[in-house]
Each structure stands twice: as structure tokens, then as C-alpha cells.
Ligand code: C5P
């Protein structure tokens, strides 16, 4: 590895995203949101009308993914442009998450994204957020965290998040979607969602973000 990596894996809604952003900002390190890459490939496949079992076609899209992240002015969120089109609004939806998990089962797609992900490991260091950061992409990372929370709690967090951004959502539907996505992510043959042998497990159910952050920081300080 060209720089130290903190690999953080876990299911959606475990609080990984917020934790990773906070950690990267605190350390002044780079951040890899690998889920966003799978989401963008899912959106590209959908946009180009690819069949979700057309592995070769989707792998070509993944290898040539035309994406630009435009940093916002003070306080404004980063814009994400896919093939020049602003997709920031759709990137985080549950529907896009489902598209992502469909393309994520395809081995050729996963390998097409491998180099792009590893390129993020630059000095002074990288915080990597995903499902297989510790098990596949950065196997020699000095710090590996596996962050979980119960499906019910994750559904509730998603519900509050979507609700506050004005989305019309239903808690039971969300719980069903989260369970379906967990199942697809954990049961797939290649790079399933599972902790690395050397990962530290943290269950964030009932914990606040500060508590999780402090636990992770203790691990980081002990290992780096
Ligand atoms: O983390 P996020 O919810 O944005 O990820 C969307 C989907 O992308 C996941 O459900 C999973 O199927 C896939 N993914 C993956 N490997 C990663 C990150 C995400 O397979 N490292």
C-alpha cells in the first residue's frame, strides 16, 4: 500500500458513511466511498438500458465510468456528475442502492473497479468505506473495522434521514428493502459482506455517532 488505510466495512445504515467522513476530516486523510462507485455503475447500466446479467457490457461501463465530483462552495454538498449529468439527487436513494447491489454481484464489474479504488490510497492516508475494503481491496490495511447495527435500527435511521430530506417513505418498506439488500450482499459468491478475520467488530445499535467515533479512534491510535 502506498499509504496507511483504515478499512471500514458493514451493511447499509450501520453509520459507516458518517463515521468515515468524520474520521477522514479529523485525520486530514482521503476518503473512498466505494458504495458510490457501485451506485454510479448501477445508474449507468440503468441509463444505457443494459440487462443486469449482461456482465461484459456493464464491466465496460465500470471500466470507463465517466464521473466527476465537483466540490461545493462553503457548506454546499459535493455535486456528482455522471456522463456530465448531475445525479447527486438520485445517488443515495434506496432504488439506486438496489441497482448498485445488482451490478455488484458481477465479478467482472468488481475487478473493473479494483484499480480505481486502490488509487485512492495516497499519502497521508485513506479511510475506505464499503463491504469488502478489509477482505479484498485493502487486505493489508493496518486498521479494519466491521460496523453493524440491527436491521430494525438501520431501517429507522434511513427512515429519519429520508424523511428529513422530504422523501415520502414507509418504514416497513424500507426494512424489507434493507433486508433484501443485506441478503444479496451477504450471499453473493464474490466478495460477500463479511468481516475480515482481523477486523474489530463494533455494533452501533443504541450508540451515538460520537461514541462510535471515539471507539474507532482508540483502535486507530493503538494500531498506527
Ligand atoms: O454503501 P452503499 O449503500 O452506498 O452501497 C451500495 C451497494 O453497493 C451495496 O448494497 C453493495 O451491493 C455494493 N457495494 C459493494 N462493495 C462495496 C461497496 C458497495 O458490493 N465495497
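For a quick protection proxy, order the peptides 86-93, 39-46, 150-157 by their average other-Cβ count within 10 Å, most packed first.
Values: 86-93: 15.1, 39-46: 24.1, 150-157: 17.9.
The densest-packed peptide leads the list: 39-46, 150-157, 86-93.
Considering Cα pairs under 8 angstrom that are at least six residues apart, work out the relative contact order of region 1-84 and quote it in whole percent. Walk me through the numbers before you get to the answer.
Working: 51 pairs, mean separation 13.3, N = 84.
Across region 1-84, relative contact order equals 16 percent.
Report the relative contact order of the chain, percent, no decimals, based on alpha-carbon pairs under 8 angstrom and at least 6 residues apart.
So the answer I get is 34 percent.
With N denoting the number of residues in region 141-224, provide Rg(C-alpha) divided by 2.2 N^0.38 Å, to two decimal places.
Output field value: 1.29.
Shape call for region 107-186 from the C-alpha gyration tensor, a ≥ b ≥ c root eigenvalues: rounded (a/c under 1.5), prolate (a/b greater than b/c) or oblate?
Prolate, since a/c reaches 1.5 and a/b exceeds b/c.
For n ≥ 4 DSSP H runs only, could you compute -39500 (n - 2.57) per run for the chain, divide by its residues and tell me the 222 nm figure to the nearest 500?
-15000 deg cm²/dmol, from helical runs alone.
How far, in nm, would the chain grow between residue 74 and residue 98 when pulled straight, counting 0.36 nm per residue and subtracting the alpha carbon separation? Could you put the intermediate results ahead of the total?
Values: separation 24, 0.36 × 24 = 8.64 nm, distance 3.16 nm.
Once the chain is fully extended between residue 74 and residue 98, it gains 5.5 nm.
How many percent of DSSP beta bridges within the chain run antiparallel, rounded to 5? Could you put the intermediate results ahead of the total?
Details: 6 of 23 bridges.
Antiparallel bridges make up about 25 percent of those DSSP assigns within the chain.
Can you tell me what the convex hull of the Cα atoms of region 24-136 projects to on average, as an area in nm²?
Over every viewing direction, the Cα hull of region 24-136 projects on average to 7.5 nm².
Which of rounded, prolate, oblate describes the chain, given a ≥ b ≥ c as roots of the alpha-carbon gyration tensor eigenvalues and a/c under 1.5 marking rounded, otherwise prolate only if a/b is larger than b/c?
rounded
If each of residue 122 and residue 197 carries a label point 7 Å out from its Cα toward its Cβ, how far apart are those two points in nm?
Rounded to a tenth, the inter-label distance reads 3.4 nm.
Say a paramagnetic label sat at a point 7 Å from the Cα of residue 52, along Cα to Cβ; which residues of region 75-91 have their backbone N under 20 Å from it?
90-91
Using Cβ counts within 10 Å as a stand-in for footprinting exposure, how do 38, 159 rank, fewest first?
159, 38
If packing is taken as the average count of other Cβ atoms within 10 Å, what order do 26-36, 51-61 fall into, highest mean first? Let's see the in-between values first.
On the way: 26-36: 18.0, 51-61: 15.6.
The peptides rank, most packed first, as 26-36, 51-61.
Coordinate-derived values only; no laboratory data. The structure presented is a predicted model; accordingly, all values stated were derived computationally and were not measured. Here the Cβ is made from the backbone with ideal geometry for all residues, glycine too, and neighbour counts use every protein chain on show.
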